[in-house]
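Written out below as structure tokens is the structure these notes cover.
The values are calculated or read from the model by the stated rules, or taken from the named source; none is laboratory data. Not measured: the values here are computed from a predicted model. Counting neighbours? That spans all protein chains shown, and the Cβs are built from the backbone with ideal geometry, glycine included. Heads up: the accessible areas ignore ligands, DNA and RNA and are worked out on the full protein's heavy atoms, side chains in. Shrake-Rupley method; radii C 1.70, N 1.55, O 1.52, S 1.80 Å.
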Amino acid sequence: MTLRKAIKFNAKKCLKNNWGRAILILVILTAVNLVLGALDNAIFSAMGFERVKIDWDILRETIYRFDAQEISPAAVALSLLLSLIRLCIMAPLALGAVNWALELSDGRSNSIGELFWAFDNAAWYRSVWMRITVAVKTGLFSFALEAIPTVMVTVGSINLMENRPAGVTLILIGGVLAVAAAPVTMWFGARYFAVDLLLCDRYYYTVREATKLSVEMTKGHRWQIVGFYLSFIPWYLLCCLIVPLFYVVPYVAVASTMLARYYFEDYLLGQNKLDVSDPDKLIIDDVAPEDYRRACEEQGMDMPPVAEEPAPATEPEQEDNGGIAEL
């Protein structure tokens with residue numbers, strides 16, 4: 001069984017008796033997001049501003065588009081402020097969902113209250129700062145990568161409007177380059193695949209530590225992460241029917257968390273920072289402990305000695321000389 005199939009199998013196994021809570025978490029996140037969007041529209045209408053919509057690209061995690069014919073500085077400032085407020089609410093909620101999924105990977109089905117875990121500790125502002133940090137880094141990379149294709153398509157469109165044959169060639173080449181740039185952008189974003197996991201309650205790294213560690217531990221695995229997400233494309237297509245959303249979103253979320261945890265534990269094993277004497281504590285829980293140790297020995301991995309249970313206390317033996325117990 002490949003790693004991808006094993007992760008998906010384990011994700012569905014963990015969700016088997018927890019679909020109700022997983023779907024309820026999705027409903028809460030969606031409802032909060034819709035309420036915040038409605039409040040944004042109400043505030044814009046009350047202040048008489050033309051709606052300036054700032055879209056957040058989920059795949060690229062970057063702010064990239066303004067929807068308004070005439071953009072006023074006040075409307076842009078208000079929209080940025082409302083977007084920041086929404087981020088301060090949705091980012092901790094999203095981190096709470098990841099924390100719930102992480103506990104689920106150990107077979108612990110926590111209550112829905114786990115969703116609000118990040119609001120009463122440092123994880124609240126860490127989750128917000130993490131989103132901003134990752135968005136800036138991935139946004140700058142995406143802009144640099146797609147600048148040339150965007151210019152080519154724009155110039156080609158202008159030439160096409162002026163009936164110049166070169167316009168078609170520029171648009172085609174620019175379009176091909178733009179399509180080719182998409183997986184490269186996803187590859188770069190995979191550097192931060194495990195940041196959410198590392199901010200969870202179990203690990204509780206700072207944003208700087210989490211981003212640095214995520215970049216380090218995803219080396220050599222980033223195309224695998226891209227392939228992992230692309231493998232869900234058929235499921236994403238089914239989401240057009242709305243109802244499959246309640247299956248696909250929790251499934252992908254739990255599987256992603258489990259994969260991030262696997263890469264983290266694999267990284268710790270490589271750094272000799274993880275005690276594997278008890279494989280039951282690892283995410284690879286479908287291998288018997290003796291088989292796991294044998295496999296590690298065959299691969300030349302250093303295995304810590306198995307902790308022996310302390311012998312039961314016995315009465316000290318009496319010496320013949322003076323009847324003094326030997327300590």
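A few notes on this one:
- Within segment 244-265, not a single residue is exposed (fewer than 14 other Cβ atoms within 10 Å of the Cβ) and over 19 Å from V98 (Cβ atoms).
- Selected residue (criterion: least open to solvent (accessible area, probe 1.4 Å)) from residues of segment 179-191 that are over 20 Å from A210 (Cβ atoms) and either among the β-branched types (V, I, T) or in contact with a Ser or Thr (Cβ under 7 Å, 6 or more places away or on another chain) (or both): T185
- Residue within segment 192-202 that is open to solvent by less than 50 Å² (accessible area, probe 1.4 Å), modelled with pLDDT of 85 or more and not hydrophobic (A, V, I, L, M, F, W, C) present: yes
- Some residue of segment 44-54 being farther than 26 Å from V134 by Cα and either among the hydroxyl-bearing types (S, T, Y) or modelled with pLDDT of 80 or more (or both): yes
- Candidates S157, S127 - the one that is open to solvent by less than 80 Å² (accessible area, probe 1.4 Å), closer than 20 Å to T218 by Cβ, small (G, A, S) and not in a loop (DSSP other than H, G, I, E, B): S127
- Checked against the criterion of being more than 30 Å from T150 (Cβ to Cβ) and at pLDDT 85 or above, segment 67-87 contains one or more residues that satisfy it.
- Any hit, segment 21-37, residues being under 20 Å from the mean Cα position of the chain (by Cα), within 19 Å of G107 (Cβ to Cβ) and of a type outside the set (A, V, I, L, M): yes
- So V287, is it modelled with pLDDT of 80 or more and surrounded by fewer than 18 Cβ atoms within 10 Å (Cβ to Cβ): no
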